[in-house]
Amino acid sequence: MLVRTDRATTIATTTSSQQSIVITAERITLLTSNVGHFIAIGSNPTATTSGMYVPANSSLVVDIDGNSNKVAVRTESGTGYMTIAY
């Protein structure tokens, strides 16, 4: 899969929810590290263990509305990182 990296942000993650910068794109690609992540998308999202799950060492393409959203992420356990390309 070809992923644009000229517009990307990487978030160091823990079991606490953390938000990305504002993203105005209509499609994002989420790339996880060696731990699974839970995500939430919105104007002020909080990632919880009941949210969408992205497995470790994987990618997920998500269409969003492009209206100044943020992505909230948290790990299922331990620490890791998630890259958001847009």
Quiz prompt | Subset of the range 15-45 [surrounded by 14 or more Cβ atoms within 10 Å (Cβ to Cβ) and either part of a loop (DSSP other than H, G, I, E, B) or among the aromatic types (Phe, Trp, Tyr) (or both)] | solution = Thr15, Ser17, Ser20, Ala25, Ser33, Val35, Gly36, Phe38, Pro45
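For (1) closer than 15 Å to Ser17 by Cα; (2) at pLDDT below 95, each residue gets a yes or a no:
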position: Asn34; (1), (2): no, no
position: Gly42; (1), (2): yes, no
position: Ala47; (1), (2): yes, no
position: Tyr53; (1), (2): yes, no
position: Ser58; (1), (2): no, no
position: Asp65; (1), (2): no, yes
position: Ser68; (1), (2): no, yes
position: Met82; (1), (2): yes, no
position: Tyr86; (1), (2): no, yes
Quiz item: Taking into account only those residues within the range 1-14 that are modelled with pLDDT of 95 or more and not hydroxyl-bearing (Ser, Thr, Tyr), which is surrounded by the most Cβ atoms within 10 Å (Cβ to Cβ)?
Solution: Ile11
Exercise. Filter the range 42-83 for residues that are over 19 Å from Thr15 (Cα atoms), of a type outside the set (Val, Ile, Thr) and in contact (Cβ under 8 Å) with a residue 40 or more places away in the chain and give the result.
Key: Ser59, Gly66, Asn67, Ser68, Asn69
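Out of the range 46-55, which residues are assigned to a loop (DSSP other than H, G, I, E, B) and surrounded by fewer than 16 Cβ atoms within 10 Å (Cβ to Cβ)?
Going residue by residue through the range 46-55, those that are assigned to a loop (DSSP other than H, G, I, E, B) are 46-51, 55.
Of everything in the range 46-55, those that are assigned to a loop (DSSP other than H, G, I, E, B) and surrounded by fewer than 16 Cβ atoms within 10 Å (Cβ to Cβ) turn out to be Thr46, Thr48, Thr49, Ser50, Pro55.
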Quiz item: Does Ala72 satisfy the condition of being at pLDDT 95 or above, within 11 Å of the chain's Cα centre (by Cα), part of a loop (DSSP other than H, G, I, E, B) and surrounded by 16 or more Cβ atoms within 10 Å (Cβ to Cβ)?
Solution: no
Quiz item: Taking only pairs six or more apart or across chains, which ones have beta-carbon atoms under 7 Å, a first residue in the range 3-25 that is farther than 20 Å from Gly80 by Cα and basic (Lys, Arg), and a second residue that is assigned to a loop (DSSP other than H, G, I, E, B) and modelled with pLDDT under 95?
Solution: Arg7/Tyr86
Practice problem: Would you mind stating whether Ser58 is out of contact with any Gly (no Cβ under 8 Å at 6 or more places or on another chain), surrounded by fewer than 17 Cβ atoms within 10 Å (Cβ to Cβ) and of a type in the set (Ser, Thr, Tyr)? | Solution: yes
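The values are calculated or read from the model by the stated rules, or taken from the named source; none is laboratory data. As the structure is a computational prediction, the values presented were derived from the model and not from experiment. Every residue, glycine as well, gets a Cβ built from its backbone with ideal geometry; the counts of neighbours run over all protein chains shown.
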